[in-house]
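Asks: Pasting a structure here, questions to come.
The values are calculated or read from the model by the stated rules, or taken from the named source; none is laboratory data. Just so it is clear, the model here is predicted, and its values are computed rather than measured. When we count neighbours, we look across all protein chains shown, and the Cβ atoms used for this are built from the backbone with ideal geometry, even at glycine. To get the accessible areas, we keep the full protein, side chains included, count just its heavy atoms, and leave off ligands, DNA and RNA. Shrake-Rupley method; radii C 1.70, N 1.55, O 1.52, S 1.80 Å.
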Amino acid sequence: MVQVRVAAYPVNGIHGSLASARPDFAAHCVNCSVRDLSVCSALTPEDLLHSTQISETIRIPAGETVFIAGEPARSVFTIKSGTLRLYRILPDGRRQIVGFIGAGDFLGLALAGRYSYSADAVDDVCACRIDRGLYMSFMSKRPHLLRRLHELANQELILAHDHMVLLGRRSAEEKVAAFLLSLRERMRRLGTSMVTLALPMSRADLADYLGLTIETVCRVVSKLARQKVLLVVPHGVRLLDPRRLEEIGAS
(Lines give C-alpha, C1' and ligand atoms only; values in the text may rest on other atoms or scores of the structure.)
Protein backbone atom coordinates (compact mmCIF):
# COMPACT_ATOMS: atom_id res chain seq x y z
CA MET A 1 0.00 0.00 0.00
CA VAL A 2 1.41 3.35 -1.05
CA GLN A 3 1.40 5.98 1.67
CA VAL A 4 -1.10 8.76 1.06
CA ARG A 5 0.54 12.16 1.12
CA VAL A 6 -1.03 15.56 1.52
CA ALA A 7 0.57 18.24 -0.64
CA ALA A 8 2.29 21.02 1.30
CA TYR A 9 3.25 24.41 -0.06
CA PRO A 10 5.63 25.55 -1.35
CA VAL A 11 7.49 22.22 -1.34
CA ASN A 12 6.70 21.44 -4.96
CA GLY A 13 6.25 24.94 -6.26
CA ILE A 14 2.45 25.14 -6.40
CA HIS A 15 0.79 28.22 -4.92
CA GLY A 16 -2.39 27.22 -3.12
CA SER A 17 -4.07 24.26 -1.45
CA LEU A 18 -4.41 20.77 -2.86
CA ALA A 19 -6.45 17.71 -1.96
CA SER A 20 -4.76 14.55 -0.71
CA ALA A 21 -3.88 11.64 -2.96
CA ARG A 22 -6.11 8.58 -3.28
CA PRO A 23 -4.93 5.49 -1.39
CA ASP A 24 -5.54 3.01 -4.25
CA PHE A 25 -2.76 4.40 -6.45
CA ALA A 26 -1.73 1.09 -8.03
CA ALA A 27 -5.22 0.20 -9.31
CA HIS A 28 -5.95 3.82 -10.15
CA CYS A 29 -2.76 4.11 -12.22
CA VAL A 30 -3.37 0.89 -14.16
CA ASN A 31 -6.96 1.94 -14.90
CA CYS A 32 -6.16 5.61 -15.61
CA SER A 33 -8.30 6.92 -18.47
CA VAL A 34 -5.42 8.92 -20.01
CA ARG A 35 -2.66 6.36 -19.56
CA ASP A 36 -2.55 5.37 -23.23
CA LEU A 37 -2.30 9.04 -24.26
CA SER A 38 0.33 10.10 -21.76
CA VAL A 39 4.02 9.49 -21.26
CA CYS A 40 2.95 6.62 -18.98
CA SER A 41 2.00 4.62 -22.08
CA ALA A 42 5.69 3.64 -22.29
CA LEU A 43 5.69 2.10 -18.80
CA THR A 44 5.47 -1.62 -18.11
CA PRO A 45 3.20 -2.91 -15.30
CA GLU A 46 6.31 -3.16 -13.09
CA ASP A 47 7.27 0.42 -13.98
CA LEU A 48 3.77 1.58 -13.06
CA LEU A 49 4.08 -0.03 -9.66
CA HIS A 50 7.34 1.86 -9.03
CA SER A 51 5.80 5.05 -10.39
CA THR A 52 2.92 4.93 -7.92
CA GLN A 53 5.42 4.85 -5.07
CA ILE A 54 6.81 8.28 -5.99
CA SER A 55 3.65 9.98 -7.27
CA GLU A 56 0.58 11.64 -5.85
CA THR A 57 -2.74 12.73 -7.30
CA ILE A 58 -3.47 16.42 -6.78
CA ARG A 59 -6.39 18.69 -7.51
CA ILE A 60 -5.76 22.26 -8.62
CA PRO A 61 -8.71 24.65 -8.33
CA ALA A 62 -9.59 26.91 -11.27
CA GLY A 63 -7.43 30.03 -11.24
CA GLU A 64 -4.70 28.47 -9.10
CA THR A 65 -1.08 29.08 -10.14
CA VAL A 66 0.90 25.85 -10.56
CA PHE A 67 4.31 27.46 -11.05
CA ILE A 68 5.86 30.72 -12.23
CA ALA A 69 8.47 31.23 -14.95
CA GLY A 70 11.97 31.29 -13.48
CA GLU A 71 11.14 29.21 -10.41
CA PRO A 72 13.23 26.09 -9.74
CA ALA A 73 11.56 23.13 -11.47
CA ARG A 74 10.71 20.87 -8.54
CA SER A 75 7.87 18.77 -9.96
CA VAL A 76 6.63 17.14 -13.13
CA PHE A 77 2.96 16.55 -13.88
CA THR A 78 0.73 14.38 -16.02
CA ILE A 79 -2.65 16.04 -16.54
CA LYS A 80 -5.57 13.68 -15.95
CA SER A 81 -8.43 16.13 -16.46
CA GLY A 82 -8.99 19.86 -16.82
CA THR A 83 -7.03 22.53 -18.70
CA LEU A 84 -3.92 24.54 -17.89
CA ARG A 85 -2.75 27.71 -19.63
CA LEU A 86 0.97 28.19 -20.21
CA TYR A 87 2.15 31.77 -20.58
CA ARG A 88 4.93 34.32 -20.28
CA ILE A 89 4.74 37.92 -19.16
CA LEU A 90 6.46 40.18 -21.68
CA PRO A 91 8.77 43.02 -20.56
CA ASP A 92 6.00 45.56 -21.18
CA GLY A 93 3.61 43.66 -18.91
CA ARG A 94 1.53 42.02 -21.62
CA ARG A 95 0.73 38.31 -21.36
CA GLN A 96 1.51 35.88 -24.18
CA ILE A 97 -0.17 32.51 -23.83
CA VAL A 98 2.06 29.89 -25.44
CA GLY A 99 -0.32 26.96 -25.13
CA PHE A 100 -3.17 25.13 -23.46
CA ILE A 101 -2.65 21.61 -22.18
CA GLY A 102 -5.12 19.03 -20.96
CA ALA A 103 -5.77 15.36 -20.32
CA GLY A 104 -2.80 13.17 -21.18
CA ASP A 105 -0.27 16.00 -21.47
CA PHE A 106 3.04 16.02 -19.61
CA LEU A 107 4.37 19.15 -17.94
CA GLY A 108 7.41 20.42 -16.08
CA LEU A 109 10.51 18.55 -17.31
CA ALA A 110 12.61 21.72 -17.54
CA LEU A 111 16.08 20.75 -18.78
CA ALA A 112 17.60 23.98 -17.50
CA GLY A 113 16.30 23.28 -14.00
CA ARG A 114 13.90 26.23 -14.01
CA TYR A 115 10.45 26.59 -15.50
CA SER A 116 10.59 28.58 -18.72
CA TYR A 117 6.93 29.67 -18.54
CA SER A 118 4.18 30.06 -15.97
CA ALA A 119 1.19 27.74 -15.65
CA ASP A 120 -2.19 28.11 -14.02
CA ALA A 121 -5.49 26.25 -14.06
CA VAL A 122 -8.19 27.40 -16.46
CA ASP A 123 -10.74 25.15 -14.76
CA ASP A 124 -10.49 22.52 -12.03
CA VAL A 125 -7.54 20.25 -12.83
CA CYS A 126 -6.64 16.78 -11.63
CA ALA A 127 -3.01 15.76 -12.15
CA CYS A 128 -0.44 13.20 -11.17
CA ARG A 129 2.61 14.89 -9.63
CA ILE A 130 6.13 13.51 -9.11
CA ASP A 131 9.17 15.17 -7.59
CA ARG A 132 11.42 16.13 -10.51
CA GLY A 133 14.58 14.67 -8.96
CA LEU A 134 12.89 11.35 -8.30
CA TYR A 135 11.45 11.36 -11.81
CA MET A 136 14.84 12.04 -13.40
CA SER A 137 16.29 9.07 -11.51
CA PHE A 138 13.30 6.93 -12.45
CA MET A 139 13.62 7.95 -16.10
CA SER A 140 17.39 7.36 -16.34
CA LYS A 141 16.90 3.64 -15.67
CA ARG A 142 14.22 3.21 -18.33
CA PRO A 143 15.36 3.81 -21.95
CA HIS A 144 11.84 3.12 -23.21
CA LEU A 145 10.57 6.06 -21.17
CA LEU A 146 13.34 8.29 -22.52
CA ARG A 147 12.30 7.40 -26.06
CA ARG A 148 8.69 8.31 -25.29
CA LEU A 149 9.76 11.65 -23.79
CA HIS A 150 11.86 12.30 -26.91
CA GLU A 151 8.76 11.71 -29.05
CA LEU A 152 6.77 14.15 -26.93
CA ALA A 153 9.55 16.74 -27.16
CA ASN A 154 9.49 16.48 -30.95
CA GLN A 155 5.71 16.91 -30.97
CA GLU A 156 6.04 19.96 -28.73
CA LEU A 157 8.61 21.47 -31.12
CA ILE A 158 6.27 20.94 -34.07
CA LEU A 159 3.43 22.60 -32.14
CA ALA A 160 5.68 25.54 -31.29
CA HIS A 161 6.54 26.00 -34.98
CA ASP A 162 2.87 25.77 -35.92
CA HIS A 163 2.06 28.42 -33.34
CA MET A 164 4.71 30.75 -34.78
CA VAL A 165 3.10 30.40 -38.22
CA LEU A 166 -0.34 30.89 -36.69
CA LEU A 167 0.72 34.17 -35.07
CA GLY A 168 2.59 35.59 -38.03
CA ARG A 169 1.05 34.45 -41.28
CA ARG A 170 -2.70 34.04 -40.84
CA SER A 171 -5.75 36.25 -40.73
CA ALA A 172 -7.87 36.51 -37.59
CA GLU A 173 -10.51 34.20 -39.06
CA GLU A 174 -7.90 31.64 -40.06
CA LYS A 175 -6.37 31.76 -36.57
CA VAL A 176 -9.66 31.08 -34.80
CA ALA A 177 -10.55 28.30 -37.25
CA ALA A 178 -7.13 26.66 -36.89
CA PHE A 179 -7.42 26.77 -33.09
CA LEU A 180 -10.85 25.10 -33.16
CA LEU A 181 -9.57 22.43 -35.53
CA SER A 182 -6.63 21.69 -33.23
CA LEU A 183 -9.06 21.40 -30.34
CA ARG A 184 -11.21 19.02 -32.37
CA GLU A 185 -8.13 16.87 -33.05
CA ARG A 186 -7.40 16.75 -29.32
CA MET A 187 -10.99 15.61 -28.69
CA ARG A 188 -10.55 12.91 -31.30
CA ARG A 189 -7.46 11.57 -29.53
CA LEU A 190 -9.34 11.56 -26.23
CA GLY A 191 -12.24 9.70 -27.80
CA THR A 192 -14.79 12.39 -26.90
CA SER A 193 -17.24 14.45 -28.95
CA MET A 194 -15.73 16.26 -31.92
CA VAL A 195 -18.96 18.13 -32.66
CA THR A 196 -19.35 20.14 -29.46
CA LEU A 197 -16.00 21.58 -28.38
CA ALA A 198 -15.59 22.65 -24.76
CA LEU A 199 -13.90 26.04 -24.38
CA PRO A 200 -13.05 26.47 -20.70
CA MET A 201 -10.71 29.35 -21.53
CA SER A 202 -12.01 32.91 -21.78
CA ARG A 203 -12.10 35.08 -24.89
CA ALA A 204 -9.20 37.01 -23.32
CA ASP A 205 -7.21 33.77 -23.13
CA LEU A 206 -7.92 33.04 -26.79
CA ALA A 207 -6.90 36.56 -27.73
CA ASP A 208 -3.59 36.26 -25.86
CA TYR A 209 -2.91 32.88 -27.48
CA LEU A 210 -3.80 33.92 -31.03
CA GLY A 211 -2.18 37.36 -30.91
CA LEU A 212 -5.52 39.14 -31.35
CA THR A 213 -7.68 41.52 -29.34
CA ILE A 214 -10.70 40.30 -27.40
CA GLU A 215 -12.93 42.34 -29.70
CA THR A 216 -11.48 40.63 -32.77
CA VAL A 217 -11.96 37.16 -31.31
CA CYS A 218 -15.59 37.95 -30.46
CA ARG A 219 -16.18 39.43 -33.92
CA VAL A 220 -14.75 36.35 -35.69
CA VAL A 221 -16.78 33.92 -33.55
CA SER A 222 -19.93 35.95 -34.22
CA LYS A 223 -19.19 35.94 -37.95
CA LEU A 224 -18.72 32.16 -38.00
CA ALA A 225 -21.97 31.80 -36.09
CA ARG A 226 -23.84 34.02 -38.60
CA GLN A 227 -22.43 31.91 -41.43
CA LYS A 228 -23.69 28.80 -39.60
CA VAL A 229 -20.20 27.34 -39.41
CA LEU A 230 -20.66 26.97 -35.67
CA LEU A 231 -23.16 27.56 -32.89
CA VAL A 232 -22.10 29.18 -29.63
CA VAL A 233 -23.28 27.06 -26.68
CA PRO A 234 -22.59 27.41 -22.94
CA HIS A 235 -18.86 26.89 -22.30
CA GLY A 236 -18.08 25.99 -25.90
CA VAL A 237 -19.11 25.83 -29.55
CA ARG A 238 -20.92 23.25 -31.67
CA LEU A 239 -19.53 22.68 -35.15
CA LEU A 240 -22.33 22.92 -37.74
CA ASP A 241 -20.16 22.92 -40.86
CA PRO A 242 -16.79 21.24 -40.09
CA ARG A 243 -15.84 21.14 -43.77
CA ARG A 244 -16.16 24.91 -44.08
CA LEU A 245 -14.14 25.37 -40.90
CA GLU A 246 -11.44 23.15 -42.40
CA GLU A 247 -11.41 25.27 -45.55
CA ILE A 248 -10.93 28.43 -43.50
CA GLY A 249 -8.30 26.90 -41.22
CA ALA A 250 -6.31 25.49 -44.13
CA SER A 251 -6.14 28.80 -46.00
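Asks: Just the Kirkwood number for segment 37-105, please: inverse of mean 1/r across all distinct Cα pairs, in Å, one decimal.
Replies: After inverting the pairwise mean of 1/r, the radius is 14.3 Å.
Asks: Let me ask something else about it. How high is the FRET efficiency from V233 to T213, r the C-beta distance, R0 30 Å, rounded to 0.05?
Replies: According to the calculation, E is roughly 0.80.
Asks: With r as the distance between the Cβ atoms of M136 and R169 and R0 = 35 Å, compute the FRET efficiency 1/(1 + (r/R0)^6) and round to 0.05.
Replies: It comes out at approximately 0.40.
Asks: Between T196 and H144, 0.36 nm times their residue separation minus their Cα-Cα distance comes to what?
Replies: Between T196 and H144, full extension yields 15.1 nm more.
Asks: Taking only protein heavy atoms and a 1.4 Å probe, what accessible area per residue, in Å², does segment 31-153 have with all protein chains in place?
Replies: 45 Å²
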